[in-house]
1. Could you list all residues from the range 8-31 that are among the aromatic types (Phe, Trp, Tyr) and part of a loop (DSSP other than H, G, I, E, B)?
2. Any idea which residue in the range 1-25 is surrounded by the fewest Cβ atoms within 10 Å (Cβ to Cβ), counting only those that are among the polar types (S, T, N, Q) and at pLDDT below 75?
3. Collect the residues in the range 50-66 that are within 17 Å of the chain's Cα centre (by Cα), in a loop (DSSP other than H, G, I, E, B) and either hydroxyl-bearing (Ser, Thr, Tyr) or farther than 15 Å from ASP31 by Cα (or both), keeping them in residue-number order.
4. For the condition assigned to a helix (DSSP H, G or I), at pLDDT 95 or above, surrounded by 12 or more Cβ atoms within 10 Å (Cβ to Cβ) and of a type in the set (A, V, I, L, M), what is the one hit in ILE89, ILE43?
5. Can you find a residue in the range 49-61 that is surrounded by 11 or more Cβ atoms within 10 Å (Cβ to Cβ) and acidic (Asp, Glu)?
6. Tell me which residues, restricted to the range 26-40, are surrounded by 11 or more Cβ atoms within 10 Å (Cβ to Cβ) and either modelled with pLDDT of 75 or more or over 19 Å from SER71 (Cα atoms) (or both).
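The values are calculated or read from the model by the stated rules, or taken from the named source; none is laboratory data. Keep in mind the model is a prediction, meaning the values are calculated, not measured. Glycine gets a Cβ as well: all are built from the backbone with ideal geometry, and neighbour counts include every protein chain shown.
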Amino acid sequence: MHIEQYRQFVAKFPLEAIIWMSGLAALACMDPGSTAHVSLCPIGYFGYEFCPGCGLGRSIAWVFHGSLENSLRVHPLGIITLAVLAHRIVQLTHNHLNSIWQK
């Protein structure tokens, strides 16, 4: 990759990929066993105890910490969600590289 292609790659990297990578990095850094965590769940704010999405982030964090058993216990779709997000990041990056190399 020439220096100009590298500049184009960095300057126009897909925002969606940056957001997904940042979110996954934050989940990798969090302590999934901690009881004190920030929740952005609007269903929880309305007082409902069951939310099909709650625990998904914690489940992904458990995967990053190497505990598949805890991940599945917290939310059964955490591993699948992580795989889908990783695939999306690779897809966006691959498409971005192809657009630069074709010029």
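1. PHE13
2. Ranking the qualifying residues of the range 1-25, first place goes to GLN5.
3. GLY53, CYS54
4. ILE89
5. The answer is no, given that none of the residues of the range 49-61 is surrounded by 11 or more Cβ atoms within 10 Å (Cβ to Cβ) and acidic (Asp, Glu).
6. Within the range 26-40, ALA26, LEU27, ALA28, MET30, ASP31, PRO32, GLY33 meet the criteria.
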